[in-house]
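Below is one structure, written out as structure tokens; comments come after it.
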Amino acid sequence: MTATATEVVPITTIDQGSTDVARAASGDRRAFEHVYRAHLQHVFSLCVRMTGDRTRAEELTQDVFVRAWEKLSTFRGESAFSTWLHRLTVNVVLNERRVDGRDRGRMVSADDDDEHDAPATTSAQPLHAERMDLERAIAKLPRGARRVFVLHDVEGFTHEEIGTMLGVTAGGCKAQLHRARLLLREALTR
């Protein structure tokens, strides 16, 4: 459940979430199932935005929760569990790229323009046509530009943090972000 500015989340919901995390960290599978259900959509959405491929995002989402189950005992509670899980998700997606050899080392390359990088469209209809157009435009961005755009403009990471995650300079991130914004502007004004 998400709260809007006018909604109040009951304390029991918040307490239950942290209780489930603590119980899951001690090995309670039923509690982990509650954690999984509570965070599934956010993790999947982040994977889709980072990969541009719904099928691959489904696989990565499962990988994230397998990794979360394995590493949950390391969660110290110094930040919100959702923050920890978000960071784990970003790391799983980025590591998958490196392991599969799809990350060429440099984000700015001619290979970023490959046609096969664009995801298949889905039959689900977004609520607004503008959002659908934006999602489609983001998905069609070259891989490097899409990753930096999502990490910076959608997820709020700094150029330095993105550079560390992707193994590139902050200047390279800025260049990719500029490229992504230009391509999006062009795609959305057609």
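A few notes on this one:
- If you go through the stretch 160-183 and keep only what is of a type outside the set (Asp, Glu), under 15 Å from VAL90 (Cα atoms) and in a helix (DSSP H, G or I), you end up with ILE162, GLY163, THR164, MET165, LEU166.
- Test: ARG97 is within 18 Å of VAL48 (Cα to Cα), at pLDDT below 80, charged (D, E, K, R) and buried (at least 16 other Cβ atoms within 10 Å of the Cβ): yes
Results for (1) hydroxyl-bearing (Ser, Thr, Tyr); (2) modelled with pLDDT of 85 or more, shown as yes or no for each residue.
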residue: SER82; (1), (2): yes, yes
residue: GLU115; (1), (2): no, no
residue: PRO142; (1), (2): no, yes
residue: GLU155; (1), (2): no, no
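- Just one of (1) of a type in the set (A, V, I, L, M, F, W, C); (2) at pLDDT 55 or above; (3) in contact with a helix residue (DSSP H, G or I) (Cβ under 8 Å, 6 or more places away or on another chain); (4) within 30 Å of LYS174 (Cα to Cα) fails for LEU72. It is (4).
- Within the stretch 59-77, considering residues that are polar (S, T, N, Q) and farther than 15 Å from PHE44 by Cβ, the one surrounded by the most Cβ atoms within 10 Å (Cβ to Cβ): SER73
- Any hit, the stretch 21-40, residues being within 26 Å of GLY163 (Cα to Cα) and either at pLDDT 85 or above or within 17 Å of the chain's Cα centre (by Cα) (or both): no
- Among the residues examined, ARG181 does not qualify as at pLDDT 85 or above and crowded, with 18+ Cβ neighbours inside 10 Å.
The values are calculated or read from the model by the stated rules, or taken from the named source; none is laboratory data. Keep in mind that what you see is a predicted model, and the values were worked out from it rather than measured. In this analysis, Cβ positions are derived from the backbone assuming ideal geometry, glycine residues included, and neighbour counts consider all displayed protein chains.
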